[in-house]
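The values are calculated or read from the model by the stated rules, or taken from the named source; none is laboratory data. Since we're looking at a predicted model, the values are computed, not measured. Counting neighbours? That spans all protein chains shown, and the Cβs are built from the backbone with ideal geometry, glycine included. Just the protein is used for accessible areas: all its heavy atoms, side chains included, with ligands, DNA and RNA removed. Shrake-Rupley method; radii C 1.70, N 1.55, O 1.52, S 1.80 Å.
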Amino acid sequence: MSLLTKGSGENLRPKFLKDYIGQRNVVRTLKLFIDAVNKRGKPSEHILFYGPPGIGKTTLSYIVANELKGEIKVTSGATITKTGDLAAILTNLKDNDVLFIDEIHRLPKAVEEMLYPVMEEYALDIIIGKGPSARTVRLSVPRITIIGATTKLALLSAPLRDRFGLLLRIDFYQIAEVVEIVKRSAKILGVKVSDNAAMSIAVRSRRTPRLANRILKRARDILEVDRLSQIDEALLNKLFELLEIDDIGLIDIDKKYLKILSEKFNNQPIGVETIAAALSEDIRTIEEFVEPYLLQIGFIKKTSRGRQLTTKALSHLKYT
């Protein structure tokens with residue numbers, strides 16, 4: 001399913017806070033932080049963004065770097081496998097730069113511990129040699145801002161979590177905000193989108209900007225191939241049929257998830273491992289992509305014995 005893969009093409013990310021749509025409390029907090037840093041002339045706190053995927057954590061990190069007039073280095077907790085990897089990254093940064101670590105909860109323990117003095121004292125401790133002759137050399141690190149992002153805050157160790165001065169939750173967007181994002185993206189892409197079409201995209205985007213922009217780009221494909229003048233509801237009906245997106249944003253994997261619980265297991269409580277096996281999907285896809293939206297719209301509930309469908313979900317299945 002194309003909606004599960006990362007999009008490409010034009011950069012639709014806003015570059016500055018004034019252009020960012022939604023997350024008002026987060027934006028206000030970041031503005032205060034950036035104003036304070038610019039007044040002092042050096043950063044003193046690090047930032048942790050947490051929340052569901054696709055809702056702006058990476059975008060906000062790029063904005064912070066732009067506002068601080070620095071550059072951003074993007075990496076992932078899963079790719080920094082040893083301390084030497086972190087040292088190599090840090091030596092290529094300069095004052096006011098941003099080091100963005102996505103999926104920071106996946107950092108190896110040794111790398112995480114190496115990060116502590118970097119965050120507290122802007123110092124990098126490197127061990128030279130082995131055995132009794134080993135010694136620690138401390139190197140200075142530029143005054144950078146480290147931004148971590150995670151979908152699983154509980155998996156961060158307390159020592160790492162406590163070293164972030166700002167912990168900001170990025171939540172799902174309001175439909176009206178997604179409509180505004182769609183219209184802004186359409187303008188950047190150079191296509192016209194009707195008000196009703198923008199609303200249809202927003203409703204089916206799972207209140208997630210990344211998915212809304214992805215749908216918009218696929219709508220543009222049809223617009224260009226069919227040589228139409230604007231993206232309207234007729235065009236979207238064709239697109240939603242191709243992508244198998246229903247009127248509340250459920251896609252093929254969501255529907256399979258619901259039907260497995262309702263038909264195969266008669267809506268008895270089922271563990272996520274069993275559901276993932278029945279769907280031939282990995283557990284992370286189920287927990288991080290499928291279930292957050294189903295929980296958000298009140299279609300499933302988590303019990304001590306497993307997942308179950310709600311009356312609302314059973315009613316939806318009855319009429320689809």
task = Please verify whether segment 258-266 includes one or more residues that are open to solvent by less than 10 Å² (accessible area, probe 1.4 Å), in a helix (DSSP H, G or I), over 23 Å from ASN11 (Cα atoms) and not charged (D, E, K, R).
result = yes
query = Does ILE144 satisfy the condition of being among the β-branched types (Val, Ile, Thr), out of contact with any helix residue (DSSP H, G or I) (no Cβ under 7 Å at 6 or more places or on another chain) and within 20 Å of VAL37 (Cα to Cα)?
reply = yes
query = Yes or no: ARG218 open to solvent by 60 Å² or more (accessible area, probe 1.4 Å) and more than 29 Å from ILE34 (Cβ to Cβ)?
reply = yes
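So which residues in segment 288-316 are hydroxyl-bearing (Ser, Thr, Tyr) and surrounded by 18 or more Cβ atoms within 10 Å (Cβ to Cβ)?
Of everything in segment 288-316, just one residue is hydroxyl-bearing (Ser, Thr, Tyr) and surrounded by 18 or more Cβ atoms within 10 Å (Cβ to Cβ), namely TYR293.
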query = Which of the residues spanning segment 87-106 are in contact with a Lys or Arg (Cβ under 8 Å, 6 or more places away or on another chain), assigned to a strand (DSSP E or B) and of a type in the set (Val, Ile, Thr)?
reply = VAL98
ask   = Any residue at all in segment 275-287 that is open to solvent by 40 Å² or more (accessible area, probe 1.4 Å), more than 20 Å from GLY249 (Cβ to Cβ), modelled with pLDDT of 90 or more and part of a helix (DSSP H, G or I)?
value = yes
query = Regarding ILE101, is this residue hydrophobic (A, V, I, L, M, F, W, C), touching a residue at least 24 places away in the same chain (Cβ under 8 Å), closer than 22 Å to ASP162 by Cβ and buried (at least 17 other Cβ atoms within 10 Å of the Cβ)?
reply = yes
ask   = Residues of segment 276-320 being more than 23 Å from GLY51 (Cα to Cα), among the β-branched types (Val, Ile, Thr) and in contact with a strand residue (DSSP E or B) (Cβ under 7 Å, 6 or more places away or on another chain), which ones?
value = THR310
query = Quick one: in segment 46-86, which of the residues that are open to solvent by 10 Å² or more (accessible area, probe 1.4 Å), touching a residue at least 12 places away in the same chain (Cβ under 8 Å) and part of a helix (DSSP H, G or I) is nearest to ARG161 (Cα to Cα)?
reply = LYS57
request  = Return the total of residues in segment 37-93 being farther than 30 Å from PRO292 by Cα, among the β-branched types (Val, Ile, Thr) and in contact with a helix residue (DSSP H, G or I) (Cβ under 8 Å, 6 or more places away or on another chain).
outcome  = 1
inquiry  = Please verify whether VAL27 is modelled with pLDDT under 90, part of a helix (DSSP H, G or I) and of a type outside the set (Ser, Thr, Tyr), treating the condition exactly as stated.
reply    = no
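Would you pick out the residues in segment 40-62 that are closer than 22 Å to ASN11 by Cβ and out of contact with any Lys or Arg (no Cβ under 7 Å at 6 or more places or on another chain)?
The answer is ILE47, PRO52, PRO53, ILE55, GLY56, LYS57, THR58, LEU60, SER61.
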task = Working only within segment 30-45, note down all residues that are surrounded by fewer than 17 Cβ atoms within 10 Å (Cβ to Cβ) and not in a helix (DSSP H, G or I).
result = GLY41, LYS42, SER44, GLU45
